[in-house]
Amino acid sequence: MKTIIAAYSQNQSGSHASIQAALRTLLDVGWPSRKDFKACIQLLSVLQWVLSFLLLGTVFLLLLIYLLFTSFWPIPALYLTWLIFDWDTPEKGGRSSSWIRNWFIWNHFRDYFPIQLVKTHNLLPSHNYIVGIHPHGILCVGAFCNFVTHSTGFCEKFPGIQPFMATLAGNFRLPVFREYLMSGGLCPVTREAIGHLISMNGTGNAVAIAVGGAAESLTCRPGLITLILKNRKGFVRMALQHGAHLVPAFSFGENDLFQQLVFEEGTCMKSLQNRFQKLLGFAPCFFYGRGFTSVHSRGFLPFPRPITTVIGEPVTVPKIERPSCGTVDAYHAMYVKALLKLFNDNKVKYGLSETDELQIL
């Protein structure tokens, strides 16, 4: 009996020692610092944004289709009915929500890179504006942060100006996702939607357009700044028809957020990308960024590299309902000149060298 008790006591003693050793090990492990916690929140804010734009529309489309074949079929039926009556809302100004645009999570999104907005000239509330965003990059991160969220202080820097951003019209065909886009002040990049904002919605509206579009995203890579702009004149014609001033804006660092596989002209992959772009309006980019666990791993998240969006001097545009091709060309040339000046005046300040040049195709 004494032998059994002694063995039991020794076992208990060993257990206590193991627990104490485990507690000491746990206490010796460094707890996340405030800086680490902040970095984690920033990473999660970017993750939710990327997943929202890549998956939100598809997930809800599949979910509604699935619910149609269950006892919850009235939910998609009611939504579809409402969608029919609400179909044209994106073309008529949408439904911008200050509450969503002011979400605190956007501050963490801004600080992840970080992103800043630089004002060089005033924008008067008595006019409407079309803001050309350059370069497009892969996901237009700088444009989204500055013109969709209020985290960089656009409304404070430009009092009386309401920012909007145009994106692919196909995005507004996806259920629920369209509501999310409209709440952020996004609209389809169509003549009807942009024309409504700069003519039927009063004054003090600034619509941001990534002029280079899908074609420019295919040229996006670090160390190379190529803009697709020479034959992009529709936004100039629209500005003339509505008397909206043209404003160049350049996002320094936008092309550094991802690494992309760029295929040479004449290759099968390049041909496939071009066909896909003509068919659906956007091109499949083969790119990668950082992973979720480490900045040195590969994944689909953008690298944390600074972006500085500089808003340039407005080009004053008269209202001409039927501008001639010569007039459009003249104001397009004025816009390109203002953009080049903006780039050259600021490139050294924001990470480029004096010898870097802007290539316009």
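The values are calculated or read from the model by the stated rules, or taken from the named source; none is laboratory data. Since we're looking at a predicted model, the values are computed, not measured. FYI the Cβ positions are ideal-geometry reconstructions off the backbone, even for glycines, and counts take in every protein chain you see. Side chains are part of the model used for accessible areas, which takes the heavy atoms of the whole protein and leaves out ligands, DNA and RNA. Shrake-Rupley method; radii C 1.70, N 1.55, O 1.52, S 1.80 Å.
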Right, Leu83: open to solvent by less than 40 Å² (accessible area, probe 1.4 Å), within 30 Å of Thr293 (Cβ to Cβ) and within 28 Å of the chain's Cα centre (by Cα) or not?
no
Looking at the range 130-140, is at least one residue under 30 Å from Arg34 (Cβ atoms) and touching a residue at least 24 places away in the same chain (Cβ under 8 Å)?
yes
For Val262, state whether it is modelled with pLDDT under 90 and of a type in the set (Val, Ile, Thr).
yes
Going by what's in this entry, would Lys157 be described as open to solvent by 10 Å² or more (accessible area, probe 1.4 Å), touching a Leu at 6+ places or on another chain (Cβ under 7 Å) and at pLDDT 95 or above?
yes
Report whether or not Gly142 is modelled with pLDDT of 95 or more, open to solvent by less than 60 Å² (accessible area, probe 1.4 Å) and assigned to a helix (DSSP H, G or I).
yes
Looking at the range 148-173, I want the residues that are under 25 Å from Asp88 (Cβ atoms) and have a partner that is hydroxyl-bearing (Ser, Thr, Tyr) and open to solvent by 40 Å² or more (accessible area, probe 1.4 Å) with Cβ atoms under 9 Å, at least 6 apart or on another chain. Which pairs are those?
Gln162/Ser96; Phe164/Ser96
Condition test on Ala239, is it touching a residue at least 60 places away in the same chain (Cβ under 8 Å) and either buried (at least 24 other Cβ atoms within 10 Å of the Cβ) or not in a loop (DSSP other than H, G, I, E, B) (or both)?
yes
If the Cβ limit is 8 Å and pairs must be 6+ apart or interchain, which residue in the range 90-104 that is within 15 Å of Phe177 (Cα to Cα) pairs with which residue that is basic (Lys, Arg) and modelled with pLDDT of 95 or more?
Pro90/Arg178
Top-ranked residue in the range 38-80 [being surrounded by 14 or more Cβ atoms within 10 Å (Cβ to Cβ) and of a type in the set (Phe, Trp, Tyr); ranked as farthest from Pro302 (Cα to Cα)]
Tyr79
Matching residues in the range 145-154 (touching a Gly at 6+ places or on another chain (Cβ under 8 Å) and either open to solvent by 10 Å² or more (accessible area, probe 1.4 Å) or farther than 19 Å from Phe235 by Cα (or both)) number 2
Could you please let me know if Ile100 is closer than 30 Å to Leu301 by Cα, in contact with a Gly (Cβ under 9 Å, 6 or more places away or on another chain) and β-branched (Val, Ile, Thr)?
yes
Quick one: which residue in Glu313, Glu321 is acidic (Asp, Glu), surrounded by fewer than 18 Cβ atoms within 10 Å (Cβ to Cβ) and over 27 Å from Thr120 (Cβ atoms)?
Glu321
Only one of (1) open to solvent by less than 70 Å² (accessible area, probe 1.4 Å); (2) at pLDDT below 95; (3) not hydroxyl-bearing (Ser, Thr, Tyr) fails for Trp31. Which number is that?
(1)
Scope the range 194-219; condition modelled with pLDDT of 85 or more, under 14 Å from Ile130 (Cβ atoms) and in a loop (DSSP other than H, G, I, E, B); matching residues
Ile198, Ser199, Thr203, Gly204, Val211
